[in-house]
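Participant: Quick one: structure below, then a few questions.
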Amino acid sequence: MEPIILYTQPDCPPCELTKLYFKDKGIVYIEKNVKKDKQAFQELTKKYKSYSTPTVIIGEKVITGFNLNEIENELSRHMS
């Protein structure tokens, strides 16, 4: 399975909820802070066409916001 990528920024409560969810479930992910990392911002906006955080990348699926149902659905598809 490809690594899960989480695009975040400081002072983003939904980003913190997403990180807590992943931690509670023992899910390994790569965090990319779009405020500190210009390359991460470019990836988020150009490659994934997203301008919001959190944005979660699971495989080819792009999930914007803390959309728990969508995150769980994609995780179950990729971990089975």
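Participant: Quote the FRET efficiency, to the nearest 0.05, computed for Thr45 versus Arg77 with a Förster distance R0 of 25 Å and r equal to the Cβ-Cβ distance.
Facilitator: On the way: r = 26 Å, r/R0 = 1.03.
The calculated FRET efficiency here is 0.45.
Participant: As I understand it, the value is the acute angle between the Cα axis of helix 68-78 and the longest principal axis of the Cα atoms of the chain; what does it come to in degrees, rounded to 10?
Facilitator: So the inclination is approximately 70 degrees.
Participant: Hey, another quick one. In square nanometres, what is one fourth of the surface area of the convex hull spanned by the alpha carbons of the range 4-78? Intermediate results must be reported in sequence, preceding the final value.
Facilitator: Values: hull surface 17.9 nm².
Seen from a random direction, the Cα hull of the range 4-78 projects 4.5 nm² on average.
Participant: How many lysine pairs in the chain, separated by 8 or more positions in sequence or lying on different chains, have Cα atoms less than 21 Å apart?
Facilitator: Taking the Cα cut-off of 21 Å, the pair count is 24.
Participant: Hey, another quick one. May I ask you to evaluate 6.51 cos²θ - 1.76 cosθ + 1.60, the Karplus curve with θ = phi - 60°, for each residue of the range 46-60 and list the ³J(HN,Hα) values in order in whole Hz, giving x for glycine and proline?
Facilitator: Ordered by residue, 3J(HN,Hα) equals 8, 6, 9, 6, 10, 10, 10, 10, x, 10, 10, 10, 10, x, 9 Hz.
Participant: Right, here's the next one. When the helix-only estimate is applied to the chain (DSSP H runs of n ≥ 4, each -39,500 (n - 2.57), divided by the residue count), what is the mean residue ellipticity at 222 nm, nearest 500 deg cm²/dmol?
Facilitator: On the way: 3 runs with 29 residues, N = 80.
It lands at -10500 deg cm²/dmol.
Participant: Using +1 at the C-beta of Lys and Arg and -1 at the C-beta of Asp and Glu, which of Gly65, Gly26, Ser52 has the Cα lying farthest in the positive direction of the dipole of the chain?
Facilitator: Ranked along the dipole, the leading option is Ser52.
Participant: Output the relative contact order of the range 4-78, whole-number percent, from Cα pairs under 8 angstrom with separation of 6+ residues. Could you put the intermediate results ahead of the total?
Facilitator: Working: 99 pairs, mean separation 26.5, N = 75.
That works out to 35 percent.
Every number in this text was worked out from the coordinates using simple rules, so none of it is lab data. Bear in mind the structure is a predicted one, so any value in this text is a computation, not a measurement. Note that each Cβ is placed from the backbone with ideal geometry, even for glycine, and that neighbours are counted across all protein chains shown.
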